[in-house]
Amino acid sequence: MVHLAPSRALARLGSPPPPRVPPTHLPLPLLPPPSLASLLTDAISSSSSLPHLRHLHALIAVFSSLSPPDPFLAAALLRFALVTQPPMETFRVFSGLRRAHGSELPFLPFAFSPLAKAAAASCSLHATRVAHAASILIGGFDKHRFVENSLIGAYVACDDVGAARKVFDEMAAKDVISWTSIVVAYSKNGDMGSAEEVFARFPMKDMVAWTAMVTGYAQNAMPAKALEAFEQMTVAGMPIDEVSLTGAISACAQLGAVSRAAWVQEIAERNGLGRNVVVGSGLVDMYAKCGLINEACRVFEGMHEKNVYTYSSMIVGLAAHGRANDAIALFKDMVTKADVEPNHVTFIGVLTACSHAGMVKEGRYYFAQMKDKYGILPSADHYTCMVDLLGRAGLVDEALDLVKSMTVEPHGGVWGALLGACRIHGNAKVAKVAAEHLFKLEPEGIGNYVLLSNVLASAGERDEVSKVRKLMRNRRLKKDPAISWFEGRDGLVHQFFAGDNTHPRTRDMQKALFELVEKLRPAGYVPILSSIVYDVSEQEKQRLLMGHSEKLALSFGLLTLGSSCTIRIVKNLRICDDCHLFIQLVSRIEPVEIIVRDNMRFHHFKDGECSCGGFW
Ligand SMILES: [Zn+2]
Ligand SMILES: [Zn+2]
């Protein structure tokens, strides 16, 4: 969603100085230089289509006959080749010019920029090194700022950030383009530590530089940092545009932070971007991911211009919130009334909706339509939706057949959906097949071992359960740290790790949980001990269950928000059976609505029911 900033920042690396018109006093016998120069300049500025290569060769022939050779024309020819021909042609022209006049041709510094840009356009590290070497050996121009900037751009385009950094470090005079390129390069490579280090020393930070940091953090799953940078950017009085906003919006969506979401929307509106189609689509997605699906609908309704991204965000959002019929109805509006062509993301939303609502017939219909009517080949993600759909409906064997018939390689998501279906329907046979693939694809994914051992335990295959446990021990698997986030009334986001007792109100939270359990027992709460995979005593399992991060977040929410409120929790992993039951029962005995977003979907708990219907 927020892949705009780096490309825009790189686009700024764009134009080298325009080719200079050769001075008229140069003695040129064959063809008066002004006309040749203006011919070239005109050709370059007016050329929107690719001229025939022979025009270029004709110009080179004319150039070759000039004596002495004109360095301005040489640079103009290289620039001409760069903008009108495939990238490698620039290198051929360079060799041609050298052949024509040998060492008599004095190259100008800006002749080397087209070479570096051609290398960047072809993403060839070899070509970049050739351009770099030529600028040093032939011209001695590697110390000219625009040549250095072009070389940085070329190394970055070839993913050699280390070489780009070397050029950057050796620059005598860096400009805003040099600094920004390096910051963008690091953030694109996921090295935010180095990006921060360079950014801190960046003397003339402008909007593009700040934007690079905001989107860098957002794209590298550091949403809190992204929002912090965005706030600093607004405080520094930087103008806000669509790209920086999109980064902030994506960060809010990742955090699920409701109060920050409203703040970002306010900034969008204040900057006249509230109705911008890119920003608007992002806001729809953000509100849906923050659990505010009605707010997402409100933004969607208020938009004048809606494109495929806007519709897709809304359809995916409705589907994730279990509003399947609304999602399908919107899809029909989109393709009939609005006449917007759906894309692969739209169909993820449509198929997810069908899956959540158990609409098997419709799901099959749309899966076929996607390919036959819209020419979209199903990806592994689409197959995941279909396996989920069939699996939930109890058609586990058919789901397995579908996986076997796949035209693309099934990924962990596909097998995971199948294993999940086996858990719901207690199919140990297919579970073993799915798990076998998952153990190869995701050897570290402890959740798969847990699911398989649960299915085997329910089927009474005790020996098999021990085998899985042994496998886990041998592979020394540890669970990813489970984290839940809860946003307080003050907009502060509180973070809870499983078993965390570092929070200042830990004692109160533990007491509140203990009291809750006592209240829940009569309502039918019996701890689901199989949610703990470790071989420990039952008492220890009960203790571990009470330390689950979403329970800690819930008790903190109840303590601080009081009753008659909505508690929103975001969790980084899938919610476990025990926490699901626990929260479901809390929503029965307390007048609260609890919305949990785990890594799979939203669970809206109210009056003892969950929107997922117990399937997740
Ligand atoms: Zn749990
Ligand atoms: Zn649920």
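The values are calculated or read from the model by the stated rules, or taken from the named source; none is laboratory data. None of these values were measured; they are calculated from a predicted model. Positions of Cβ are generated from backbone atoms using ideal geometry, with glycine treated the same way; all protein chains shown enter the neighbour counts. What goes into the accessible areas is simple: the full protein's heavy atoms, side chains included, and nothing from ligands, DNA or RNA. Shrake-Rupley method; radii C 1.70, N 1.55, O 1.52, S 1.80 Å.
Quick notes on this structure:
- The alpha carbon centroids of region 91-155 and region 291-318 are separated by 48 Å.
- Relative contact order, percent, the chain [alpha-carbon distance under 8 Å, six or more residues apart]: 7
- Over all projection directions, the Cα-based convex hull of the chain averages an area of 33.4 nm².
- Accessible-area order (highest first, 1.4 angstrom probe) of the listed residues Val130, Val279, Val258: Val130, Val258, Val279
- Of all accessible heavy-atom area on region 236-369, the percent that carbon and sulfur account for (1.4 Å): 52
- Summed residue charge, Cβ within 12 Å of Asp463's Cβ, Lys/Arg positive, Asp/Glu negative: +2
- Rolling a 1.4 angstrom probe over region 398-440 with all protein chains present gives an accessible area of which 54% lies on carbon and sulfur atoms.
- Lys511 accessible area, assembled protein chains, probe 1.4 Å, Å²: 130
- Dividing the alpha-carbon radius of gyration of region 483-610 by the rule-of-thumb value 2.2 N^0.38 Å gives 0.97.
- Each stretch of four or more DSSP H residues adds -39500 (n - 2.57); spread over every residue of the chain, this sum gives -19500 deg cm²/dmol at 222 nm.
- Accessible area (Å², 1.4 Å probe, nearest 10) - Glu295: 50
- Solvent-accessible surface of the chain, taken per residue with a 1.4 Å probe and all protein chains present: 45 Å².
- Highest to lowest packing among 326-332, 537-543, 354-360, scored as the average C-beta count within 10 Å: 354-360, 326-332, 537-543
- Axis of helix 360-372 versus longest Cα principal axis of the chain: the two differ by about 10°, to the nearest ten degrees.
- Separation of alpha-carbon centers, region 415-450 and region 548-577, rounded to whole Å: 28
- Protein-only accessible surface at a 1.4 angstrom probe places the residues Leu492, Leu73 in the order Leu492, Leu73, largest first.
- To put it simply, the accessible area of region 483-610 at a 1.4 Å probe is 51 percent carbon and sulfur.
- Using a probe of 1.4 Å on the protein chains alone, the accessible area found for Trp179 is around 20 Å².
- Ile136, Ile424, Ile240, reordered so the largest accessible area comes first (probe 1.4 Å): Ile136, Ile424, Ile240
- Shape call, region 402-479: gyration tensor on alpha carbons, a/c limit 1.5: oblate
- Environment charge of Glu409, counting only residues whose C-beta is closer than 15 Å and scoring Lys/Arg +1, Asp/Glu -1: 0
- The residues packed around Glu104, meaning those with a beta-carbon under 14 Å from its beta-carbon, carry a net charge of +1 if Lys and Arg are +1 and Asp and Glu are -1.
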